[in-house]
Amino acid sequence: MKFVPAGVVPFVALLLLQRRPVAGRALLVTGSGCPSHGLCRSNVQEQTRRQVAVLNATAQELFSLYLKCQGEPFSSEADKLCNPAGIFFPAFRVNRTSERKEVMVAMYKLFAFLNASLGNITRDQEELNPMAKELLERLHNTTKTTRGLISNLTCLLCKNYNIFQVDVRYGDSSKGKSAFKKKQQGCQVLRKYVQVIGQAARVLLPHLSPS
């Protein structure tokens, strides 16, 4: 049975979204699989650079605000409760010396996962903290930026490598969990996001530098 995780919207790349997580891999497609390159904006690389830079610059603030809005014991025991060791998060093994295609695919998997996770977190916070307007606004803005970034990465993968389909593994849904577990899952994901986004920016931005 296929489903669309919360926070994911349809875009050019067709994702195989399965109820049971599957290992992510790029599917190389030849022929007429990719749509017209005209779907790419003329400034797609610069726009992608800016989106990654924005996400990197705002990640810590989002995490700190999230903790503040969850109250105790999260505010005082963040290191213990938000330790991301026990959750799935896409492996990020590329570096500045990796091939550009490998970097783009890894980035796509990372931000597609993040987009779905932000959808889950936002849904939970709308239920648990409906009056936390600043937090909800930041979550919505981060999701909007992430969706735009996914669209641009999709375009670059199609245009440069004729890759139009990437399998992405997603984390567990928080539906049906207790309020505490929902809050904890959110803080674990956001803590890991803070740790990874800086590395992602350092790796991706040189690959998008003007020739």
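The values are calculated or read from the model by the stated rules, or taken from the named source; none is laboratory data. What you are looking at is a predicted structure, and each value in this text was computed from that prediction instead of being measured. Cβ placement follows ideal geometry from the backbone for every residue including glycine, while neighbour counts extend to all protein chains displayed. With ligands, DNA and RNA removed, areas are computed over all heavy atoms of the protein, side chains included. Shrake-Rupley method; radii C 1.70, N 1.55, O 1.52, S 1.80 Å.
Miscellaneous remarks
- In plain terms, the chain from Ala91 to Glu126 could stretch by 9.7 nm, reckoned as 0.36 nm per residue minus the Cα-Cα distance.
- Computed extension length for Lys68-Leu136: 23.2 nm, one decimal, from 0.36 nm per residue of separation with the Cα-Cα distance subtracted.
- Taking amide H positions as modeled 1.01 Å from N, with prolines and chain starts lacking one, the residues under 5 Å from Gln165 and 5 or more places away or on another chain are Leu27.
- Calculated FRET value between Ser178 and Arg50, using beta carbons and R₀ = 25 Å, to 0.05: 0.05
- When you restrict to C-alpha pairs under 8 Å that are six or more residues apart and normalise by the size of the stretch 59-200, the relative contact order lands at 43 percent.
- Along the stretch 79-90 the Karplus relation, 6.51 cos²θ - 1.76 cosθ + 1.60 evaluated at θ = phi - 60°, assigns HN-Hα couplings of 4, 7, 6, 9, 4, x, 4, x, 10, 7, 8, x Hz to successive residues, with x for each Gly and Pro.
- Heavy-atom accessible area order for Asp124, Asp172, largest first, 1.4 Å probe: Asp172, Asp124
- Length gained on full extension, Asp167 to Ser75, computed as 0.36 nm times the residue gap minus the Cα-Cα distance: 29.5 nm.
- Within the straight-line cut-off of under 21 Å between alpha carbons, the lysines reachable from Lys192 are Lys68, Lys80, Lys109, Lys144, Lys175, Lys177, Lys181, Lys182, Lys183, sequence neighbours fewer than 8 places apart in one chain being disregarded.
- Considering only alpha-carbon pairs that sit under 8 angstrom and 6 or more positions apart, the relative contact order computed for the stretch 116-211 is 34 percent.
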